[in-house]
Each structure stands twice: as structure tokens, then as C-alpha cells.
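All remarks here apply to the structure that follows.
The values are calculated or read from the model by the stated rules, or taken from the named source; none is laboratory data. Just so you know, these numbers come straight off a predicted model, no measurement behind them. With ideal geometry, Cβ positions are generated from the backbone for all residues, glycine too; neighbour counts draw on all protein chains shown. The protein model used for the area step is the full one, side chains on, heavy atoms only, and it has no ligands, DNA or RNA in it. Shrake-Rupley method; radii C 1.70, N 1.55, O 1.52, S 1.80 Å.
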Amino acid sequence: IDIYFAPVMQDFRPQRLVHTQISIANPHVILPQTHPLSGRIMISMRELDGETFLLYPHTQEPAIREFQIRNLEDSGIHYQTYDSETPSQFYMLLVPVGKGIVLHPSHLMGLPPYSVSVPVTDLPHHASISYFFSKTTSNPDVRAFCRDFTAFAKELSAHEHKQTL
């Protein structure tokens with residue numbers, strides 16, 4: 001893998017990799033459409049007190065699972081976790097069948113059927129969308145991509161900031 005994109009906690013410090021933050025992630029909770037809070041525009045963590053949360057499966061890259069666990073532990077709410085051996089590409093399918101809800105560091109494009117994604121406010125820990133590449137890479141295409149992508153991300157961020165003002 002030459003370049004790896006991932007949501008990571010703000011204090012993540014990889015060794016032997018160049019870590020470039022693209023943007024701060026906007027955390028979401030994935031709920032079944034039938035959930036009482038599914039029609040909301042935003043949800044506070046306090047409103048999720050007593051819920052069962054689906055944990056991201058154990059994988060070689062623990063960033064999403066660590067995001068979930070640290071936020072749940074430090075949120076001050078009462079919660080249960082549902083931990084399964086379902087592969088990462090399928091674990092969100094447990095949402096529409098009622099096994100629990102998912103706290104995710106960012107909005108997801110491909111939601112499971114009969115599910116909704118709602119932004120979550122007041123999380124104790126945030127993540128950033130970042131990309132990584134090896135400090136020792138000698139591939140000029142990787143270096144060129146990273147230089148150009150970083151410039152593009154900065155330009156896009158500046159444009160979005162102007163629109164919000």
C-alpha cells in the first residue's frame with residue numbers, strides 16, 4: 001500500500017509514516033430507521049444513554065474501534081456493547097436487524113438498508129480524516145500525489161470556510 005486514508009484520533013502518532021490531516025471528521029451515529037431518534041438533525045451523546053453500541057471488529061488497523069471505545073468510556077453515559085466476529089465490511093448490517101447502533105468518526109456514504117446517519121454532538125474525542133505514506137518511500141508518484149492532494153485539500157478547505165462566513 002503506497003497511501004492509506006483513514007479516520008484517526010487526534011493524538012495518533014504513527015511511526016515510520018508521514019501523517020497528513022485532511023480535515024476534522026464530523027462524527028455520526030448510524031441508527032435503524034425505526035429508532036425514535038432517527039428523524040433528528042443532530043443527537044447529543046446524553047440522548048444515547050442506555051443504548052447498545054456495535055463495536056468495529058478487531059482488525060489490524062484499530063483506529064475506528066479505538067474512537068468508539070474512548071468516546072463511549074469518556075462520554076458519561078450508560079451503554080452496552082455488542083461485539084461480534086462479523087467482518088468489517090458487513091458489521092453495519094447488524095444495525096437494521098436491531099443488534100445496536102454504530103458510533104462512527106465520520107459520515108458514511110454507503111449506509112446499510114433501512115438505516116440513517118445522524119451527526120453526534122458533544123463527543124469527548126474527535127477524529128480527523130488523514131492519509132499516510134511511508135517516510136522512506138522513493139516512489140516519485142506517491143510524493144507528487146501527496147503534494148498535489150494536500151494543496152487541493154487546503155484550497156477546498158479555504159473555499160468551504162469562505163462559504164460559511
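In the chain, the portion of solvent-accessible area held by carbon and sulfur atoms comes to 55 percent [1.4 Å probe, whole percent, DNA, RNA and ligands not counted].
To the nearest ten degrees, helix 63-74 and the longest principal axis of the Cα atoms of the chain are 50 degrees apart.
For the chain, report the accessible area per residue in Å² (1.4 Å probe, heavy atoms, rounded to an integer).
60
Neighbours of THR20 by Cβ distance under 15 Å: Lys/Arg scored +1, Asp/Glu scored -1, total +3.
Of the listed residues GLU85, GLU47, the order by accessible area with a 1.4 Å probe, largest first, is GLU85, GLU47. Net charge in the neighbourhood of THR59 (other residues with Cβ under 12 Å of its Cβ; Lys, Arg +1, Asp, Glu -1) is -2.
Working note: 222 nm ellipticity from helices only, DSSP H runs with n ≥ 4, each -39,500 (n - 2.57), summed and divided by the residues of the chain, gives -7500 deg cm²/dmol to the nearest 500. Compared with the dominant principal axis of the Cα atoms in the chain, helix 140-164 is inclined by about 60°.
Distance from the alpha carbon centroid of the stretch 18-81 to that of the stretch 88-117 works out to 11 angstrom. Between SER88 and HIS19, the contour length at 0.36 nm per residue exceeds the alpha carbon distance by 22.5 nm. Between PHE149 and ASP74, the FRET efficiency estimated from the beta carbon spacing at R0 = 41 angstrom works out to 0.80.
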